[in-house]
Amino acid sequence: MHRSAPRLTRILACAAVPVMLVVAGCSSDSDSDKDKASASSPAPDATKSEPTVAAAKFAELPDPCKSITAKTVKSLVPAAKDKKGTPGRSSDTAARGNCSWNGLDDNGVKGSQYRWLDVGFTRFASDQALGSGADRAGDDLTKQLTKAKAAEGAKKLVTTPVSGIGDQATRVTYDLDKTGEDFKYATVVARTGNVVVTLTYNGAGYAGAKTPSADDILKGAEKAAKEAVAAVADANGSPQASASPDSPESSGKATDKATHKVTHKSSDKAASSKSSGKAIHRTTQ
């Protein structure tokens, strides 16, 4: 009996070893399968990016008081108090600015003619969250038109799209009784790229002077608006030069130049190699 006990212990120990190996083998196979499954499963695309917005066309604004030529200012506001214009206050002249001229042309017993001219610029940068500069400028154009049409006491108000001034433009004309006189108003709101130009021109006759015609006021406003829009492009160089360096056109030109250089260099190298090969062949012969 005493001898059989150790023998039984050895038998049970030997029997337990295969079981442990089987369990270990199963565990190892299970871990391997998990690793394979993890490796084969597609990883989430963490680098997926949102579509980029178009680059803003213009980076600078013109000097508002120099955006309209002195000749035009003189014709629209003959007796301007300050022929150089009165600049408005702006905390960021690269984003917004305005200038105005006004004056009363006294003709004695024939009465006086009053004129007011004002031009304002607002530039919008492209923003991934807010949209492209051009789209933002388009939204602001709508807001400026709403303000112009909301003039208190306006009569005979007419809104009409205008061609030939920037990328898009609309004019608002109306009559207004002010200081006991009949004023004629014309406002042109235009968008050029990512910049909104708002120009207002108005006038009235005092002390018996004839009220200016609505057509004259409108023509003056449109002429000044065209000059203001052109000044935006001038402030940024030519329209072609104002394109973003990252634009497809610029990239294409750079790529073409680079390709030409590489091709040219490769051709030179190939020609050099052929020449060397011929020289070696002749020397060997």
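The values are calculated or read from the model by the stated rules, or taken from the named source; none is laboratory data. The structure presented is a predicted model; accordingly, all values stated were derived computationally and were not measured. Please note: Cβ atoms are built from the backbone with ideal geometry, for glycine as well, and neighbour counts cover all protein chains shown. Ligands, DNA and RNA are stripped out before the accessible areas are found, and what is left, the full protein with its side chains, is counted by its heavy atoms. Shrake-Rupley method; radii C 1.70, N 1.55, O 1.52, S 1.80 Å.
In a simple Cβ point-charge model (Lys, Arg +1; Asp, Glu -1; nothing else charged), the stretch 79-224 has a dipole of about 160 debye relative to its Cα centre. Kirkwood analysis of the stretch 64-222, using all unique Cα-Cα pairs, places the hydrodynamic radius at 16.5 Å. A simple charge model with +1 on the Cβ of Lys and Arg, -1 on the Cβ of Asp and Glu and nothing else charged puts the dipole of the stretch 50-113 at about 300 debye relative to its Cα centre.
Accessible surface for K178 stands near 80 Å², nearest 10, in the context of the full protein assembly shown (1.4 Å probe). Packing order of peptides 107-120, 223-236, highest average first: 223-236, 107-120 (average count of other Cβ atoms within 10 Å over each peptide's residues).
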